[in-house]
């Protein structure tokens, strides 16, 4: 144990370099900075915005439209008395994001049940989506006014009918059925909520797998490049301990690095994401998810955690073998690519395809990739496919054990010194 | 003198390429035994097999009466190996490197301190040991590695080309260190293609070429047998 701790300490010290610490600190600071800047921009965009209005009509209807905008948290700069061109120039020179022109006869047309037209001029001073939000809000105010006005017309002309029923004679009441549970709501919303909930899993998994694997591959490759591997292999420590120490150190440092990056990423997303998420969240969605049993229990989280943990172990063991194949540090960097693809393939497929309906050979191929299973765990938990979950966990465990045995075998035989992979060719080095 | 190491019929092949075709030799307690021969003769392969890095394709190796193939962990406790192109961890300070390596062999903190003190004395690097290995010259690194190999007073020190790439003065120092430690009880198995160095260092020599031992004995025995004035001439004579 003393020897193992000695080696583990050395491995950790080697991985936690000044460069790593600086890069982590820089990322946290940078992401937080971007997050804060974005947050301010979002606040500006969602806060009180200034628009100019040129009311050439001055009717009660046009006044109602402007009042409606004021109640939607717009600061209205009145351009009355100017010509349209003057109003455009004034608005353009000022801070207004939009100029609203209500032409003469607007109110009259409305009372005569003729379509009325208003003009909007958006001043695009940047092309950010947040910058264009002003016009979207104006459109929603106009559509609310349209709704109210058309209701009034219908109530006047056909007082015996409900305007809403006249406009939408067919209504749908949507239900979602999951297993034995049923709740009122749209399938689209439920799918959206689930994808939002499980978005973090692939991001976390990819981060940890990539960081830890890169560290293991580099750790082995560096021993080769620095000509320290031969000495290490002749000291009195078991080869399995060498493998374990390298994997454990890379796993720990990778986990911490990924944690720091996730923290930094949250700082970034927190800036722009929170308010947007709040705006996008649909009322009653959590209740529907609860009713459909689409929420994680403590044991669900434990299973998900176990699945991610096993995937990390598989990645580390695979990285260890790839590290042996690498000739030096530079070639180790390219060795990470197959691993990244192995994580990305199931991620994208789980994003765009339904595992139950894809062709069998493709399904077998995807399920054979150990990293597929953590992506499927949340879905299977929701759908109660416990058999699939257990099979996935068992498969990852078997793959991990097989890889560790293979890695230990490489470390215990000549292959550790003779195996090399260069430009896709396997070469055997003679002493 | 009893044998520390006995090698009989040692064979090694890499695929179809035969590196060792069945060699026999012994290393006795407290002696320097050298394998000499040209590049590709099989010297490094032999040393790597004895250092438990490679597995043999045939033959027997007995170390302190135990089968090397069956008990590699026992062998690793008692030997130390200095590869020809060895390096040390560049981001470690010299002293930290010695402590790190001593920790694998020492059973107590006191023993670890003894090992490190001995290594510090061997290196004669003084305060430079407090700086990173990456800043050392080739000679300094080699002395650090040699100190690492000898600090535990191993039963058998396996040194592959111990003075390879060193200048005359550094090479001389390394040879003197090796000789000094043999007097303290360590047996040495070394390889070199520098025959003059071997003549200075070794008690007994084996001439190896194309995976076969051509001749073996003390330098003076070999010179007498081949009527040669130095080992280079002995080697040329034994090739005929």
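Bear in mind these aren't lab numbers, they're just calculated from the coordinates by the rules spelled out. Source: prediction; values computed, not measured. No Cβ is skipped: glycine too gets one built from the backbone with ideal geometry, and neighbour counts run over all protein chains shown.
For segment A:48-171, taking Cα atoms only, Rg and Dmax work out to 16.1, 51 Å respectively.
Rounded to the nearest 500 deg cm²/dmol, what is the calculated helix-only ellipticity per residue at 222 nm for chain A, with -39500 (n - 2.57) per DSSP H run of length n ≥ 4?
After summing the helix terms and dividing by the residues of chain A, the value is -23000 deg cm²/dmol.
GNM on chain A, alpha-carbon springs under 10 angstrom: the most fluctuating residue among A:259, A:35, A:192 is A:192.
Taking each residue as 0.36 nm, the span from residue B:221 to residue B:55 lengthens on full extension beyond its C-alpha to C-alpha distance by 56.5 nm. Counting only other chain Cβ atoms within 10 Å of each residue's Cβ, the peptide A:153-163 averages 0.
The helix-based estimate of mean residue ellipticity at 222 nm for chain B, built from -39,500 (n - 2.57) per DSSP H run of four or more residues and divided by its residue count, is -11500 deg cm²/dmol to the nearest 500.
Relative protection proxy for B:27-33, A:153-159, from highest mean packing down: B:27-33, A:153-159 (other beta-carbon atoms within 10 angstrom). Rounded to the nearest 10 degrees, the angle from helix A:329-352 to the longest Cα principal axis of chain A is 50 degrees. Between B:110, B:84, B:199, the Gaussian network model of chain B with springs among Cα atoms under 10 angstrom shows the greatest mean-square fluctuation at B:110. Considering only the Cα atoms of segment B:77-156, their convex hull presents on average a projected area of 4.8 nm².
Working from label points 7 Å from Cα in the Cα-to-Cβ sense, the residue B:239 to residue B:111 distance is 4.7 nm.
Peptide B:50-56 shows a mean partner chain C-beta count of 4 within 10 Å per residue C-beta. Computed across the protein assembly as shown, the Kirkwood hydrodynamic radius from all distinct Cα-Cα pairs reaches 31.6 Å.
Taking the DSSP beta bridges in the protein assembly as shown as the whole, what percent of them are antiparallel, to the nearest 5? Around 55 percent antiparallel, to the nearest 5. A prolate overall shape is assigned to segment A:372-417, the ratio a/c of its alpha-carbon gyration tensor axes (a ≥ b ≥ c) being 1.5 or greater and a/b exceeding b/c. Between residue A:306 and residue B:228, the distance separating the two model label sites (each 7 Å from Cα on the Cα→Cβ line) works out to 6.9 nm.
Rounded to the nearest Å, what's the spacing between the alpha carbon centres of segment A:63-128 and segment B:7-81? Just the number, please. Using only Cα atoms, the two centres lie 93 Å from each other. Among the residues of B:144-152, the average count of other protein chain beta-carbon atoms within 10 Å of the residue beta-carbon is 1. Label-to-label distance for residue A:184 and residue A:334 is 6.2 nm, based on points extended 7 Å past Cα in the beta-carbon direction. Relative to the current alpha-carbon distance between residue A:70 and residue A:409, full extension at 0.36 nm per residue lengthens the span by 114.6 nm. Rounded to the nearest 10 degrees, the angle from helix A:18-46 to the longest Cα principal axis of chain A is 10 degrees.
Where does each of B:140, A:1 land when they are ranked from fewest to most other beta-carbon atoms within 10 angstrom?
Least to most surrounded, the residues fall as A:1, B:140.
For segment B:1-135, the fraction of C-alpha pairs farther apart than 27 angstrom is 35 percent. Projecting the alpha carbon convex hull of segment A:6-72 along each direction and taking the average yields 7.4 nm². DSSP beta bridges confined to segment A:48-171 are antiparallel in about 30 percent of cases. Residue A:120 to residue A:354: FRET efficiency via 1/(1 + (r/R0)^6), r the Cβ-Cβ distance, R0 41 Å, to the nearest 0.05? About 0.45, to the nearest 0.05. For chain B, the longest principal axis of the alpha carbon atoms and the long axis of helix B:94-105 meet at an angle near 70°.
What is segment A:287-329 by shape, rounded, prolate or oblate, if you read a ≥ b ≥ c off the alpha carbon gyration tensor as root eigenvalues and call it rounded for a/c under 1.5, prolate for a/b larger than b/c, and oblate otherwise?
Judged from the Cα gyration tensor, segment A:287-329 comes out prolate (a/c at least 1.5, a/b above b/c).
So if we plug the beta-carbon distance of residue A:151 and residue A:43 into 1/(1 + (r/R0)^6) with R0 = 41 Å, what FRET efficiency do we get, rounded to 0.05? After rounding, the FRET efficiency stands at 0.75.
Note on segment B:198-240: the alpha carbon radius of gyration divided by the globular reference 2.2 N^0.38 Å gives 1.02. Seen from every direction in turn and averaged, the convex hull around the alpha carbons of segment B:35-113 projects onto 7.2 nm².
Which of rounded, prolate or oblate describes segment B:129-206 when judged by the alpha-carbon gyration tensor and an a/c cut-off of 1.5? Taking the square roots of the gyration eigenvalues as a ≥ b ≥ c, segment B:129-206 is oblate.
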